[in-house]
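Report on the following structure.
The values are calculated or read from the model by the stated rules, or taken from the named source; none is laboratory data. All figures in this text were calculated on a predicted structure; none of them were measured in a lab. Cβ placement follows ideal geometry from the backbone for every residue including glycine, while neighbour counts extend to all protein chains displayed. Quick note on the areas: whole protein, heavy atoms, side chains included, nothing else; ligands and nucleic acids left out. Shrake-Rupley method; radii C 1.70, N 1.55, O 1.52, S 1.80 Å.
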Amino acid sequence: MTIPLKDLSSSEVTCSNCRACCCRLEVMLITDTGVPERHIARDRWGGETMRRLDDGWCSALDRDTFLCTIYENRPWICREFEMGSDECLDERAEML
Ligand code: SF4
Ligand code: SF4
């Protein structure tokens, strides 16, 4: 049986039972971690973020596996985003 995400306690929250909710957030690039150019969006002032596609997810996300295709080069913000944190739980709740 699949447990609805809203019924999961924080101890049951893992990325493997999540559809990469946090990969729909705006991700600013503040250090150079080697993100490929094709995944970078620039605003008119030169600010860089991860490119997002029309479905809302980051362009570096594999739509079939919901895994990051550039894991070794993912941005600093992605590295810092903590599974089970308040931000994580907020994002999961919004996807219900
Ligand atoms: S960190 Fe949280 S929101 Fe992001 S994929 Fe993992 S469980 Fe989902
Ligand atoms: S770079 Fe990877 S971890 Fe970061 S938002 Fe995109 S798919 Fe998710």
### Residue among 32, 62 that alone is open to solvent by 70 Å² or more (accessible area, probe 1.4 Å) and either more than 11 Å from the chain's Cα centre (by Cα) or at pLDDT 95 or above (or both)
32
#### Entry: Selection status of residue 51, within 13 Å of ligand 2 (Cβ to nearest atom), within 14 Å of the chain's Cα centre (by Cα) and at pLDDT below 95
no
### Query
Which residue pairs have Cβ atoms closer than 9 Å, lie 6 or more positions apart in sequence or on different chains, and pair a first residue in region 62-83 that is near ligand 2 (Cβ under 9 Å from one of its atoms) with a second residue that is of a type in the set (Asp, Glu) and not in a helix (DSSP H, G or I)?
68/62; 69/62
### Query
Condition test on residue 12, is it at pLDDT below 95, among the charged types (D, E, K, R), touching a helix residue (DSSP H, G or I) at 6+ places or on another chain (Cβ under 9 Å) and more than 8 Å from ligand 2 (Cβ to nearest atom)?
no
#### Entry: Odd one out for residue 94 among (1) open to solvent by 60 Å² or more (accessible area, probe 1.4 Å); (2) out of contact with any strand residue (DSSP E or B) (no Cβ under 8 Å at 6 or more places or on another chain); (3) at pLDDT 95 or above
(3)
#### Entry: Single condition residue 77 does not satisfy, out of (1) of a type outside the set (Lys, Arg); (2) closer than 18 Å to residue 16 by Cα; (3) within 12 Å of ligand 1 (Cβ to nearest atom); (4) surrounded by 10 or more Cβ atoms within 10 Å (Cβ to Cβ)
(2)
